[in-house]
Amino acid sequence: MAGSTGLRAKVIELAYAGLLPNQHLLPITAQQVEAVLGGKRDQVTEQIARTEAAGAADRAMLAFEAIVRQVGRPSLLVQDGKIVWEGKTNGFPDDLRAYLPRLEALVGCVGRVELINHRMEWAGTAWVIEQGMIVTNRHVAELFAGRRGTRGFGFLINPAIGATYGARVDFRQEYERAATRRVDVAAVRYLAGPGEPDIALLKLEDEDGLPEPIELASAEAAKDSLVGVVGYPAYDSRNNDQDIAHYFGDIFNKKRFAPGFITQAPLGNARLMHDCTTLGGNSGSVLVDLGSGNAVGLHFAGSYLEGNFAVAVDQLKAALRGQRTVLALSTEAAEAERADGEHSAEHFAGRAGYDERFLADSEDLEATAPLDDFVVPLPELDQAAMNDAAIIVDAEGEETHVIPYRHFSVVFSMSRRVPRLTAVNIDGARTRKIKRSADQWFRDLRLPRELQLTRQDYIHPNINRGHMVRREDPNWGDQNEALQANDDTFHYTNAAPQHSRLNQNKQAWLGLEEYILGSARTHGFRAVVFTGPILRRNDPVLEDTDIKVPREFWKVVVMIDAERRGLHATGYVLGQGELIRDITEGFLFEDFRAYQVRIVDIQRATRLDFGALVNADPLARRAHDEESVGGSLLSVPLETAEEAYLG
């Protein structure tokens, strides 16, 4: 096959068109087919094995739309740029044929968002909103793009392979048609922030013959007006299989048109809703008024047999003007989403917390050293920190300063009312993608209420609630286990005040665990991560409060060294450069930046004893080697996670 250039090219073309026999049943992407035919079979086999578990979670990201009506809302295929009229509409009350010429003028402006250097082949739908500009949902774009500090937006890095993600839009992808019309995404222009309409704007590469924009409606859609969506529904297990078969048969991932009605107009506090039939993959579909042919919304979510939601046209116009618009919610609903909750001690029954034998118990560990050498105990506190640690009563009735949650534990400072130390076990092979819903934070009543901050303490516009155990890190195991772990991270015992500039400028920081998990330098998909603030007496006090705001945060990531068959530990700090200034004379540091530092330096700053991890640090070994020739590398500035020194 490798030598049959024409045949290879034809198979690759069919793979990207989705026309290989039973292709939708195969656990392999079109990119992987192309790689295999290019002689990279071993590489692809390894990649499939490593991402099999994670693939299920990624596919769940597409399960975000819904069938609203079990009858009377057909989903019609598009072929050769025309809506396939079969002489029936499954009970839809209007004769759609009168609208087809106007609709067929815009279906070519809708495309499928395909991913590059990503384990998912495609992510959702997009459409041309301005010349050379497409719009999709933020939750689609966030699979490959993100915020880059104060400098705007950009493409993320795949930590498993160290390559930058990319995206392109295929304006064809029609059933039983091999033709494609792919255009690369050149830049990320806008990603909505938390609490804002689910919008992303992407600039396309300049090419001749780009589709014309779909005109935006001059007014918001009215209730009961006739509308339709154009997009790429994918199989979605969250809907009933009989309903799916009724509308889609066994044809998925191809361009379709689905008519329906506006069920709620976006007036006052109400969101735009419709009842067109959608499935996962319709995220980012255009919602078009059939009478005018103009776009009235951007589809983004739905609930089976309840309703579908879309971003209203005025919010799209605001995004194009560069305005960040907050979703309109009633005061009562907004208050309910943000209100703090409480969990009693009984709520945490069965939480074992951080497991120090997590790495030693790895099933695929073939260690030459004794397994006890891979035990990673919690860092030890000095006497002052121990005296300041909050005490709870564990399940056996014993007092302890280690507060257990699902897959992680917290050591909590009574004087600062924040974690001094968090410890989490990460199982990358069993991770589950848990969608982040409207945040609600809780107090843990195993501790006195007065020891814990509340949302009122974070009301200052420049202060964020910063997760210490990252929300995604403990989300592994079965679905209930992962959901429980996700929810456990939303306790005030796991949060510390962070300056908004710091919280928004941590691209390298957030990607560290994934990058290290995917590195050839480390072994397996398990990691132990310790995180916390550097608590200093001279930390600034938030105005009109007694709350001190940490200026820096630290992280230590521990895995197994693939070469030395021992522990591999690296340390990092995120903040205003004070630790870097302390350890490096004449260093020109930047505010709110991430650095890799020696664990021994984190140990000095935090007064925590990391024990054997100090000697398992490749940066410390490199610094020691360089000292013999008159130099010493004490820190590494990190713009991206791949710049970390792993030895």
ASP206 in the same structural domain as ALA126 (by TED's automatic domain parsing), in contact with a Gly (Cβ under 8 Å, 6 or more places away or on another chain) and assigned to a loop (DSSP other than H, G, I, E, B): yes
Set PHE171, PHE252, PHE248, PHE257: member being more than 16 Å from ARG112 (Cα to Cα) and not hydroxyl-bearing (Ser, Thr, Tyr): PHE248
Top-ranked residue of the range 437-462 - restricted to ones that are in contact (Cβ under 8 Å) with a residue 40 or more places away in the chain and over 20 Å from VAL410 (Cβ atoms), ranked as nearest to the chain's Cα centre (by Cα): ALA438
Residue in the range 189-206 that is over 21 Å from the mean Cα position of the chain (by Cα) and at positive phi present: no
All strands (runs of 3 or more DSSP E) inside the range 547-618 with 2 or more residues being among the hydroxyl-bearing types (Ser, Thr, Tyr) and at pLDDT 75 or above: 567-575
Qualifying residue in the range 480-496 (condition: at pLDDT below 85 and part of a strand (DSSP E or B)): no
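What residue, of GLY291, GLY268, GLY302, GLY249, is small (Gly, Ala, Ser) and without any contact (Cβ under 8 Å) to a residue 24 or more places away in the chain?
GLY249
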Segments classed as strands (runs of 3 or more DSSP E), wholly inside the range 246-294, with at least 1 members that are in the same structural domain as GLY307 (by TED's automatic domain parsing), surrounded by fewer than 24 Cβ atoms within 10 Å (Cβ to Cβ) and under 27 Å from the mean Cα position of the chain (by Cα): 272-274
Residues of the range 209-229 classified as more than 17 Å from ALA318 (Cα to Cα) and part of a loop (DSSP other than H, G, I, E, B), total: 8
Qualifying position, being of a type in the set (A, V, I, L, M, F, W, C) and more than 26 Å from ALA178 (Cβ to Cβ), among ALA234, ALA258, ALA265: ALA265
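Every residue, every condition in (1) part of a loop (DSSP other than H, G, I, E, B); (2) of a type outside the set (A, V, I, L, M, F, W, C); (3) at pLDDT below 90; (4) surrounded by 18 or more Cβ atoms within 10 Å (Cβ to Cβ), yes or no:
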residue: GLY87; (1), (2), (3), (4): yes, yes, yes, no
residue: PHE92; (1), (2), (3), (4): yes, no, yes, yes
residue: GLY124; (1), (2), (3), (4): no, yes, no, yes
residue: GLY146; (1), (2), (3), (4): no, yes, yes, yes
Odd one out for VAL376, checked against (1) in a loop (DSSP other than H, G, I, E, B); (2) modelled with pLDDT under 95; (3) crowded, with 20+ Cβ neighbours inside 10 Å: (2)
Verdict on ALA167 being farther than 29 Å from GLY291 by Cα, among the hydrophobic types (A, V, I, L, M, F, W, C) and modelled with pLDDT under 95: no
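The values are calculated or read from the model by the stated rules, or taken from the named source; none is laboratory data. Worth saying up front: this structure is predicted, and the values here are computed from it rather than measured. Please note: Cβ atoms are built from the backbone with ideal geometry, for glycine as well, and neighbour counts cover all protein chains shown.
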